[in-house]
Amino acid sequence: MSGGRSGIRDWKWQRFSAIYLAGYLIYLVAFLGTSSHLNYAQWFEFMHHPWVKATTFLALISLLIHAWIGVWTIATDYLKPPVIRLSFLGLVMVALGIYFAWGIQIMWGF
Amino acid sequence: MLIDKRPINKNPLSIHLPITALASIKHRISGFVLFLAIPLLLWALQQSLASPSGFELVCSFFASYWMKLVIWLSLASLGLHCLLGLRHLLMDIHIADSLKSARFSAWLSLILGALLAIWLAFYIGSQV
């Protein structure tokens, strides 16, 4: 992703992940909006449902893809010296990798 | 080698941005804020699901003044980012992609984003 010859792939991934995240967000806000004084039991039960778990994990993956393309675009525009840009993007990639592992741990850990 | 002698304006604040450019830069800034908020989101998700005491911990942590400010910034950024993102998705399918309507939708997204930010400030501020 990115650094290839064509930006079309990034463009598509950015849009698909955006649409998925928007849908997931609406669904989450609808749940939070309709449950007043949310407690642990309700929250746990909601997130524990297989469908919610799966769609949440997919939302996390979409978020990481979306963030990578966005940060890559910003870095390409504003960080001109290659050493600085590539170091920054390397750090971002490591961070996103950690978030991915962390996300797996969260989703399978409860 | 030619030496470039064109004048350079080094003060970005003196540049008057067209509204569409302002929308674009705000889309980027809000997106970067959201990128920075990812670890906080993951931490809150993990703790809130781990145990009832973890859930309480997240609630009390977010009840502090400074964390409320962080939550407000994150949610206001999320709202604005979604509005500006929706604007782009509509433009992709050729809805409101003329210069005139792009200016209008830029204004509309920024105003709605600002109204949402004001509402969030009151809403988050009123939570105990």
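The values are calculated or read from the model by the stated rules, or taken from the named source; none is laboratory data. None of these values were measured; they are calculated from a predicted model. Backbone-built Cβ (ideal geometry, glycine too); neighbour counts: all protein chains shown. These area figures cover heavy atoms from the full protein model, side chains too; ligands, DNA and RNA do not enter into them. Shrake-Rupley method; radii C 1.70, N 1.55, O 1.52, S 1.80 Å.
Details
- When we screen A:L60, A:L25 for residues that are at the interface with chain B (Cβ under 9 Å from one of its Cβ atoms) and either of a type in the set (K, R) or in contact with a helix residue (DSSP H, G or I) (Cβ under 6 Å, 6 or more places away or on another chain) (or both), the only hit is A:L60.
- Filter result (surrounded by fewer than 17 Cβ atoms within 10 Å (Cβ to Cβ), within 17 Å of the chain's Cα centre (by Cα) and more than 10 Å from chain B (Cβ to nearest Cβ)) within the range A:63-92: A:L91
- Boolean, B:L84 is open to solvent by less than 40 Å² (accessible area, probe 1.4 Å), within 19 Å of A:Y24 (Cβ to Cβ), hydrophobic (A, V, I, L, M, F, W, C) and touching a residue at least 60 places away in the same chain (Cβ under 8 Å): yes
- In the range A:33-44, the qualifying residues are those that are more than 19 Å from A:L58 (Cα to Cα) and either surrounded by 12 or more Cβ atoms within 10 Å (Cβ to Cβ) or of a type in the set (A, V, I, L, M) (or both), and the one that is farthest from the other protein chains (Cβ to nearest Cβ) is A:S35.
The rows are residues; the columns are (1) modelled with pLDDT under 95; (2) away from every other protein chain (no Cβ under 11 Å).
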{"residue": "B:Q47", "(1), (2)": "no, no"}
{"residue": "B:Y65", "(1), (2)": "yes, yes"}
{"residue": "B:L75", "(1), (2)": "no, no"}
{"residue": "B:G79", "(1), (2)": "no, no"}
{"residue": "B:G85", "(1), (2)": "no, no"}
{"residue": "B:D97", "(1), (2)": "yes, yes"}
{"residue": "B:W107", "(1), (2)": "no, yes"}
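- Residues satisfying the criterion are present in the range A:22-38 (criterion: touching a Gly at 6+ places or on another chain (Cβ under 9 Å) and without any contact (Cβ under 8 Å) to a residue 24 or more places away in the chain).
- Taking the conditions (1) more than 11 Å from every other protein chain (Cβ to nearest Cβ); (2) under 20 Å from the mean Cα position of the chain (by Cα); (3) at pLDDT 95 or above in turn, A:A95 satisfies each one other than (1).
- Taking first residues from the range B:107-128 that are more than 14 Å from B:L80 (Cα to Cα) and partners that are among the basic types (K, R), the Cβ contacts under 8 Å between residues at least 6 apart in sequence or on separate chains come to B:I124/B:K68; B:G125/B:K68; B:Q127/B:K68.
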